[in-house]
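Peer 1: Input: one structure, supplied below.
Derivation of every value follows stated rules applied to the coordinates shown; laboratory data play no part. Treat the numbers as computed from the prediction; the structure is a model and nothing was measured. Cβ placement follows ideal geometry from the backbone for every residue including glycine, while neighbour counts extend to all protein chains displayed.
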Amino acid sequence: MRRYPLSGVLTRCAGFRQSRHITGYGVGGALAGAEWFATLYTKFGYRQGVHLRRVHYQIISQDPPVDMPNGKPYENTDNC
């Protein structure tokens, strides 16, 4: 398992597996999704207490678009 400089990022991201972005990936997919999120969290330099909506807006504003763990671009749609 990869380690991140921000203590507990994977633990705090565990709820992310319930997102539509990760559904259907199974346990390995949930971990991949948590690691994906933790990588972006670290890349953007967030610290404890950042609002999830801020992370979402920064992800969707990237050019080129950020790919999700399944290889599809992260988009601000209901189908994403």
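Peer 1: Determine, for each peptide in 31-37, 58-64, the mean count of other beta carbons within 10 angstrom over its residues, then list the peptides with the highest first.
Peer 2: Values: 31-37: 20.3, 58-64: 11.6.
Final packing ranking: 31-37, 58-64.
Peer 1: Can you work out the FRET efficiency for the pair Arg54 and Thr77, with r the C-beta to C-beta distance and R0 = 22 Å, to the nearest 0.05?
Peer 2: 0.70
Peer 1: Counting other Cβ atoms within 10 Å, keep those with at most 10, restrict to DSSP loop, and tell me which trypsin sites (Lys or Arg not before Pro) in region 33-80 are left. Spell out each step's value before the answer.
Peer 2: On the way: sites: Lys43, Arg47, Arg53, Arg54; in loops: Arg47.
Counting only loop positions with at most 10 other Cβ atoms within 10 Å, the trypsin sites (Lys or Arg not before Pro) in region 33-80 are Arg47.
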